[in-house]
Amino acid sequence: MWQRSPSDGKMAGETSESSGTSLLHDAAATASKPRHFLKDVIFHGKFQLLNCLTPEENTGCQHGLYFQDGERRVDYILTYHIKKPSSSRSNRQSSRFTDNAFTRSLRRGTARLGRTPPPQPRGDPEVASQDHSMDYHVDDKRLHREEFEGNLRDMGMELEKDEDTKTPGVGFVKIHAPWHVLCREAEFMKLKMPTKKVYEMKQSTGVGAKINTLVNKVTEPLYPNVEDNRTQNVKHLSYMFSREKQHLFDLSDRDSFFDSKTRASIVFEVLKRTKCTKAKYSMGFTSLLGSGVYTDAYPLHDGDLDGENVEPNDRKLLYEEWASYSVFYKYQPIGLVRKYFGEKIGLYFAWLGLYTQMLIPASLVGVIVFLYGCATVDDNIPSMEICHPKNNITMCPLCDRACSYWKLKEACGTARASHLFDNPATVFFSIFMALWAAMFMEHWKRRQMRLNYEWDLTGFEEEEEELKDHPRAEYELRVMQKSLKKEHKTQKNPTEIAEETTNKWKQTVQSAMAGLQLTEKEKLTCRDRLPAYMTNVVMMLLMIGVTFAIVFGVILYRISTKTALHMSNNPTTRSNVRLTVKTTAAIINLVVILILDEVYGAVARWLTVLEVPKTDKSFEERLIFKTFILKFVNAFTPIIYIAFFRGRLVGRPGSYLYVFESYRMEECAHGGCLMELCIQLSITMLGKQLIQNNLFEIGIPKLKKLIRYIKSKRRSFQEEEREKKLQRYETDHFLEPFAGLTPEYMEMIIQFGFVTLFVASFPLAPLFALLNNIIEIRLDAKKFVAELRRPVAARAKDIGIWYNLLRAVAKVAVIINAFVISFTSDFIPRLVYQYMYSPDGSMHDFVNHTLSYFNVSNFQDGKEPMDPQHQVEMCRYKDYREPPWSNTPYVISKEFWAVLAARLAFVIVFQNVVMLMSDIVDWLIPDIPKDISLQIHKEKILMVELFMKEEQGKIQFIDSMIPCGGKEKRNNHAPIARSRSIPHTHSHTHANNF
């Protein structure tokens with residue numbers, strides 16, 4: 001159906017490509033022949049060329065956001081390396097305009113016929129040959145660029161080159177997508193665009209509406225000062241863009257109908273589809289970037305952040321209302337973030353914001369639990385018994401030879417500190433955090449569904465299935481190599497060898513074409529990927545083994561350092577041995593974790609590249625899985641060792657367990673390993689957040705930017721002055737390239753593990769996570785707005801594999817907390833003593849009940865203390881064993897088995913009860929909010945009504961155009977006409993049935 005455009009009255013199928021091409025050609029002709037400039041303007045009426053006089057007169061074409069004509073907006077930038085101009089090659093330097101078609105065809109013909117190398121320059125033959133090969137390689141890249149850019153023009157793109165910039169050695173290709181290309185690609189990509197139809201969103205009534213109104217009034221100061229900072233009462237009905245139905249959309253302002261984010265994503269899709277096919281192998285856009293034909297590719301930011309006479313733009317608004325630390329207490333402008341960066345990045349910040357909000361109640365409860373421990377520490381009977389002055393219990397030495405006997409009251413401080421984290425309230429907090437994790441998951445699903453509705457992503461499933469089948473350039477290259485190798489084996493015979501020697505060019509073209517045809521049928525099988533899979537398995541096991549080895553090395557450090565400090569003559573050093581060893585070992589673990597995190601990230605990417613995944617989605621998921629496994633093991637292996645293994649593989653006095661026959665395995669303090677676990681958790685968590693997440697994110701981008709400045713030979717005293725003269729695309733060139741959201745999500749997933757996995761031993765973890773995330777949101781915002789190049793907008797309706805990882809961590813957290821409460825803390829032994837062995841049902845004499853006796857005469861030779869400070873016959877150690885005077889000395893007692901049975905029973909009961917409660921929470925809270933479900937249903941009905949009204953308008957228009965005499969004939973065939981139109985309506989209704 002032909003529709004007239006509202007702005008110029010042309011048919012929808014018609015375009016202005018010829019006029020745009022003519023203008024570009026005229027600009028090129030004007031630049032190459034200045035004497036014809038006035039003639040073109042005066043006699044031919046080409047007044048657009050007046051905008052191309054000089055960059056200074058046109059204020060740098062609005063600082064590089066537009067072409068030299070000042071009208072066509074720059075949608076995308078490609079950069080490439082250019083050699084410094086010299087006398088011998090100055091005539092080959094390109095200007096800012098595009099080469100004409102004749103020059104391109106001549107160069108392509110020369111490339112096809114085979115270029116003769118230029119004559120060797122006189123002088124040193126070795127230097128001359130190196131220069132010749134370098135020139136030949138540069139010319140090869142130039143021909144690839146010319147072919148690729150010619151193909152882009154064939155696709156309808158408009159290009160403009162700029163090599164005369166303030167950035168030496170870098171050339172820029174500016175790409176503009178005209179209106180007809182935007183319409184065509186928007187239809188191919190099935191972009192949903194707002195129509196003219198506006199409907200009122202149904203508002204809730206009753207008590208809930210009044211509560212919402214009150215909450216909105218209270219939280220009024222927390223909203224950012226942007227236009228779309230809150231829910232509006234009206235919404236545009238959205239429909240997938242179609243050139244045949246342009247009359248449904250408001251095209252009164254074509255320049256703003258497709259925003260800069262959408263324009264850049266459309267150009268990026270065209271770039272991915274465009275290929276160079278004249279070489280032996282077909283080279284796509286990614287291959288051209290990888291081979292150095294182009295060095296970078298990026299869309300432009302909307303404008304500057306600050307300065308004189310800076311025009312208002314979305315980037316500046318985001319910098320002021322989102323990326324500033326002064327607005328840390330406000331909600332994020334998620335709608336504006338999505339508008340500028342796309343749905344995928346918008347979902348990340350929406351998830352991070354919700355996660356941070358949910359940490360507020362978790363932090364409050366954690367602080368209350370910690371304060372409860374502080375308030376009840378003086379009423380804790382076991383710690384009071386340990387700290388009692390009359391306590392004269394002598395403990396066995398903590399190490400061989402160097403350590404002496406010691407009094408239990410020396411552990412008073414450790415026992416009191418352990419009660420802060422080992423009290424009955426921690427059990428309640430563990431259950432609370434398990435339910436908190438379940439509620440967080442359900443709350444995010446509802447929030448995600450609401451965003452899908454507001455961002456018109458409710459019908460995204462089919463589009464996502466189509467997009468994820470697009471193969472990556474590396475995959476296509478491997479398939480091409482496999483196809484050509486197979487063809488070479490099947491067709492190689494003496495006749496073809498003779499033919500190949502006589503006609504090499506024809507054979508090469510035929511092989512490439514045959515390879516292109518085979519690529520559609522060939523694919524990489526598991527057999528092709530078997531070496532990569534084997535390498536993955538071996539390397540993953542090796543990296544995990546490296547982590548275990550480093551943890552084992554830290555264990556040996558603690559054992560040897562403790563022995564060395566006990567031999568010190570300084571009494572202060574001997575009295576602080578435990579604190580010194582724990583703190584330094586935790587810091588060493590932190591440094592190792594930070595270093596291995598960077599190594600494991602690089603190894604995971606390398607292993608994923610070896611697998612050659614077919615699609616970008618598959619590549620990202622495999623990379624995330626490997627990175628998560630390695631970083632999770634790296635971060636939590638030392639903590640898991642302290643929680644579940646330390647102090648349980650020790651043995652007993654007289655029969656200790658040794659490593660390498662000289663290192664006695666370390667044991668926990670009398671208060672248990674929970675205090676040491678808390679120290680390790682706090683140092684690791686705070687260190688990762690302060691150093692890795694914040695310092696690295698601030699410092700590394702600035703350092704890389706400085707390196708790029710140095711490489712471009714920019715003087716420090718000239719930076720400020722030259723920064724003002726740089727075009728927008730030059731300024732963005734010095735920003736850090738966007739590396740994806742994987743590092744951002746990964747650090748938050750690891751933090752989520754610290755918050756949930758060992759929360760029973762560290763109830764302040766949610767508070768530290770909350771304080772970090774308040775800074776993290778603004779830090780990430782500033783990085784995205786000011787430090788990174790603008791990423792290409794990507795559509796997504798959820799956070800993908802990260803949600804599954806969150807659910808897995810939440811499930812594992814229930815099990816780990818059950819084991820921490822049961823085996824690491826003294827919660828279960830206290831309950832068993834109180835209800836089974838205590839004579840009066842109290843905790844009196846609990847400490848004595850947990851200590852066993854050892855006769856010092858049973859020490860092995862050479863293991864007794866060298867200089868005992870106390871002359872004793874019996875010493876005590878923490879374990880459930882028979883005394884030396886019994887019939888079975890030092891054998892595990894029945895109390896041990898009773899406590900073990902209670903511990904295992906608690907794990908089973910706790911795990912099942914908490915998981916059942918989590919499932920109940922999941923079942924009670926619906927995934928889709930009721931009001932959103934009603935609005936989606938209402939949109940479907942409105943869309944059907946819209947198309948029915950359109951069909952009725954068609955019929956009425958046809959009736960009005962047919963003469964009266966012809967109406968009778970038409971009425972006879974009316975059922976046929978209507979039967980043809982109704983299915984058309986149903987087809988659209990079905991297509992929009994999302």
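Tell me, what is the FRET efficiency for Tyr329 and Lys278 to the nearest 0.05, using R0 = 60 angstrom and their Cβ-Cβ distance as r? Write out the running numbers ahead of the final one.
On the way: r = 59 Å, r/R0 = 0.98.
In this case the efficiency is close to 0.55.
Once you have a ≥ b ≥ c as the square roots of the Cα gyration tensor eigenvalues for segment 578-677, tell me rounded if a/c is under 1.5, and otherwise prolate or oblate according to whether a/b is larger than b/c.
Here segment 578-677 falls in the prolate category.
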Asp306-Lys141 FRET efficiency (beta carbon distance; Förster radius 51 Å; 0.05 resolution): 0.85
Spin-label model distance (nm) - Val538 vs Ser838, 7 Å beyond Cα toward Cβ: 6.0
Amide H contacts of Arg664 (H built 1.01 Å from N, under 5 Å, at least 5 apart or other chain): Val659
Longest to shortest principal axis, alpha-carbon extents of segment 297-414, angstrom: 79, 36, 30
Placed amide H near Trp406: partners under 5 Å, 5+ positions off or other chain: Met395
Heavy-atom surface of segment 290-336, accessible at 1.4 Å and reported per residue (Å²): 47
Amide H contacts of Val170 (H built 1.01 Å from N, under 5 Å, at least 5 apart or other chain): Ile82
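For Ser662 and Thr394, compute 0.36 nm times the residue count separating them, minus their Cα-Cα distance, and round to one decimal in nm.
Going from the current span to full extension adds 94.0 nm.
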Simple Cβ-charge dipole of segment 285-361, Lys/Arg +1 and Asp/Glu -1, about Cα centre, in debye nearest 20: 440
Segment 243-304, Rg to Rh (Cα coordinates; Rh as Kirkwood inverse mean 1/r): 1.14
Gain upon complete extension [Asp922, Asp259; 0.36 nm per residue less C-alpha separation]: 234.8 nm
Global form of segment 285-355, assessed from the alpha-carbon gyration tensor, a/c cut-off 1.5: oblate
Cross-link pairs beyond the 19 Å C-alpha cut-off, checked among Lys141/Lys489; Lys523/Lys614; Lys141/Lys278; Lys161/Lys278: Lys141/Lys489; Lys161/Lys278
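How far, in nm, would the chain grow between Ile936 and Phe625 when pulled straight, counting 0.36 nm per residue and subtracting the alpha carbon separation?
Computed gain between Ile936 and Phe625 is 108.5 nm.
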Highest to lowest packing among 267-273, 560-566, scored as the average C-beta count within 10 Å: 267-273, 560-566
Per-peptide average of other Cβ atoms within 10 Å, ordering 734-741, 405-412 highest first: 405-412, 734-741
Sequence ranges 432-445, 923-936, ranked by mean other-Cβ count within 10 angstrom, highest first: 432-445, 923-936
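The values are calculated or read from the model by the stated rules, or taken from the named source; none is laboratory data. If you're wondering where the values come from, they're calculated on a predicted model, not measured in any experiment. Cβ atoms come from the backbone with ideal geometry, glycine included; neighbour counts cover every protein chain shown. Please note that ligands, DNA and RNA were not included when accessible areas were found on the heavy atoms of the full protein model with its side chains. Shrake-Rupley method; radii C 1.70, N 1.55, O 1.52, S 1.80 Å.
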